[in-house]
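A short write-up of the structure that comes next.
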Amino acid sequence: MTPPAQIPQASGTLGVLLVGLGAVATTTIAGVFAIRKGLALPIGSLTQMGTIRLGKRSEGRSPKIKEFVPLAHLNDIVFGGWDIFEEDCYAAARTAGVLEGAQLDVIRDELEAIRPMPAVFDQRYVKRLDGPNVKKGRNKRDLAEQVIADIRAFKARHGCDRLVMIWTGSTEVYMKETAVHQSVASFEKALEQSDDAIPSSMVYAYAAISEGIPFANAAPNLTADVPAMLELAARTKAPLAGNDMKTGQTLIKTIIAPGLKARLLGVRGWYSTNILGNRDGEVLDDPESFKTKEESKKSALDYIFQPQLYPDLYKDLCHVVRINYYPPRGDNKEGWDNIDLVGWLGYPMQLKINFLCRDSILAAPIVLDSALFLDLAKRAGMSGIQEWLSFYFKAPMHAPEVYPEHDLFIQLMKLKNTLRYMQGEELITHLGREYYD
Ligand SMILES: NC(=O)c1ccc[n+]([C@@H]2O[C@H](COP(=O)([O-])OP(=O)(O)OC[C@H]3O[C@@H](n4cnc5c(N)ncnc54)[C@H](O)[C@@H]3O)[C@@H](O)[C@H]2O)c1
């Protein structure tokens, strides 16, 4: 493994393009504006608050991550995006109701200046939504070209040196990979024919990746995680990450489950339920969008527990996930988990978790970190799937020959070792024999 050559500095402006300017996107944007003004702290963001140990524990070297690797500075970011609604970011943040009005008013001018570009949207893929700010085109290829034109115009207007794109749009209906998604050639033919196998999110991903722009999918829909997009990304050297940000219940799941597994405690059942009242909850109330989310949420436990290696502990685990749309709670999701455990000699125990979280407050730092790390990956010449960013996702993208890594602590180690590798620092194995020899 040869470490990458010196990574170019993050000089100039980074354009962060968000597809879907809803609760998550506006909380991210408003948060960055407030943090830039020194009005709030970037809590939850590894790029802004995290440190990284270098060398031996005895050396006392633990710089901040943002001082160790050349990340774009928050002052150098400009935001843009698309939405099917015409509201500017201030109005959209008000509608989302995540941040307090007084906090938004301080940054109102900057938020109002961000107006959504007309979206590529087809209600077949998000059944519960419809809006007026939508592009018209001859076919899906024409729509992709319009998005490329938007990207180039945004870049020129804001004098951006680099761009990243993140899908923060609604969860689309459940779709499976088909022949259309197998190669760039078949995908481009299908774009011409406006094939149903190409949802709106794929049109944006295709546009970004064609331009060599890093792309992340913050939602669970089938978007960039298909062979055609990987082939395109290899050609244009675009880094990719996704899918579905690991925020509330799944974050807790991937914190608790590795702990139980580490102590070889068995698990017979894990019942998870949520109430959620924001627009995301409304979209997920549609069974086809919920199916996409359910698949993404359910995969983590199987990979963490490895029932094929530990059949006595996890073979017949009953894992149930429910989400109920309950408007009074807005963005303040409440999740309950009941875990049926088994200990020494098979004696049963129970663990109950009640997480009163705030969905977009947990998601915003992930959007920011993904944007900054993808931009770093691009400058480091790392294209295609960025497995080291699995840390942020519920259904992490991975090479076909390996299983995805879901354990949060392994994911963090992988992320930090990737940063050490990028900067030519020794990787940390945690062996630690040298302190005792
Ligand atoms: N908040 C979290 O903790 C979290 C965690 C993981 C994943 N997600 C996912 O992130 C996404 C965004 O969540 P949110 O709470 O901001 O939802 P939201 O409904 O507030 O925002 C989504 C926005 O996307 C827009 N949109 C839908 N289709 C579009 C298209 N084709 N083009 C442009 N805009 C489009 C909608 O109009 C809406 O404004 C959802 O898919 C959600 O499942 C959220």
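Given the structure, is S186 touching a Phe, Trp or Tyr at 6+ places or on another chain (Cβ under 6 Å), assigned to a helix (DSSP H, G or I) and either of a type outside the set (V, I, T) or away from the ligand (no atom under 13 Å from the Cβ) (or both)? Judged against the criteria, S186 is not a match. Within the range 340-375, the residues that satisfy the criterion of being polar (S, T, N, Q) and either modelled with pLDDT under 95 or within 16 Å of the ligand (Cβ to nearest atom) (or both) are S360, S370. Restricted to the range 23-40, and to residues there that are among the small types (G, A, S) and crowded, with 24+ Cβ neighbours inside 10 Å, the residue that is nearest to T168 (Cα to Cα) is A25.
So, of the residues in the range 82-93 that are aliphatic (A, V, I, L, M) and touching a residue at least 24 places away in the same chain (Cβ under 8 Å), which turns out to be farthest from the ligand (Cβ to nearest atom)? Per the criteria, the residue is A93. Among the residues of the range 165-177, which ones are more than 16 Å from the ligand (Cβ to nearest atom) and surrounded by 15 or more Cβ atoms within 10 Å (Cβ to Cβ)? Listed by number, the list is empty, since nothing qualifies. For the range 367-401, a tally of residues being within 22 Å of G248 (Cα to Cα) and free of Cβ contacts under 8 Å to residues at least 12 places away in the same chain returns 0. Looking at H181, is it at pLDDT 95 or above and within 21 Å of S289 (Cα to Cα)? When the stated conditions are applied, H181 passes them.
Restricting the range 390-403 to residues that are of a type outside the set (D, E) and over 15 Å from the mean Cα position of the chain (by Cα), the residue that is nearest to the ligand (Cβ to nearest atom) is Y403.
Please verify whether the range 189-204 includes one or more residues that are assigned to a helix (DSSP H, G or I), more than 16 Å from the ligand (Cβ to nearest atom), touching a residue at least 24 places away in the same chain (Cβ under 8 Å) and surrounded by 15 or more Cβ atoms within 10 Å (Cβ to Cβ). Yes, the range 189-204 contains at least one residue that is assigned to a helix (DSSP H, G or I), more than 16 Å from the ligand (Cβ to nearest atom), touching a residue at least 24 places away in the same chain (Cβ under 8 Å) and surrounded by 15 or more Cβ atoms within 10 Å (Cβ to Cβ). Would the range 377-389 turn up any residue that is surrounded by 20 or more Cβ atoms within 10 Å (Cβ to Cβ), among the β-branched types (V, I, T) and within 20 Å of the chain's Cα centre (by Cα)? There is at least one residue in the range 377-389 that is surrounded by 20 or more Cβ atoms within 10 Å (Cβ to Cβ), among the β-branched types (V, I, T) and within 20 Å of the chain's Cα centre (by Cα).
When the criteria are applied in full, E434 meets the requirement of being part of a helix (DSSP H, G or I), more than 20 Å from P8 (Cα to Cα) and of a type in the set (D, E).
Residues are listed down the side, and each one gets a yes or a no for (1) outside any strand (DSSP E or B); (2) modelled with pLDDT under 95; (3) in contact with a helix residue (DSSP H, G or I) (Cβ under 8 Å, 6 or more places away or on another chain):
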| position | (1), (2), (3) |
| --- | --- |
| L232 | yes, no, yes |
| A241 | no, no, yes |
| K253 | yes, yes, yes |
| K261 | yes, no, yes |
| L264 | yes, no, yes |
| I275 | no, yes, yes |
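Total residues in the range 259-277 satisfying the condition of being under 21 Å from the mean Cα position of the chain (by Cα) and either more than 16 Å from the ligand (Cβ to nearest atom) or under 22 Å from A371 (Cβ atoms) (or both): the figure is 0. Taking residues in the range 270-289 that are within 17 Å of I84 (Cα to Cα), and partners anywhere that are more than 7 Å from the ligand (Cβ to nearest atom) and polar (S, T, N, Q), the pairs with Cβ atoms closer than 6 Å and at least 6 places apart or on different chains are V283/S289. Quick one: in the range 234-269, which of the residues that are without any contact (Cβ under 8 Å) to a residue 40 or more places away in the chain and of a type in the set (G, A, S) is farthest from P307 (Cα to Cα)? Out of the qualifying residues, it is G259. For F79, the stated conditions do not hold, so it cannot be described as of a type outside the set (V, I, T), crowded, with 20+ Cβ neighbours inside 10 Å and more than 16 Å from the ligand (Cβ to nearest atom). The sole residue among V126, V134, V147 that is within 13 Å of the ligand (Cβ to nearest atom), in contact with a helix residue (DSSP H, G or I) (Cβ under 9 Å, 6 or more places away or on another chain), at pLDDT 95 or above and more than 17 Å from L14 (Cβ to Cβ) is V147.
The values are calculated or read from the model by the stated rules, or taken from the named source; none is laboratory data. Computed from a prediction, not measured in an experiment: that's the story for all the values here. Quick reminder, even Gly has a Cβ in these numbers, built from the backbone with ideal geometry, and neighbours come from all protein chains shown.
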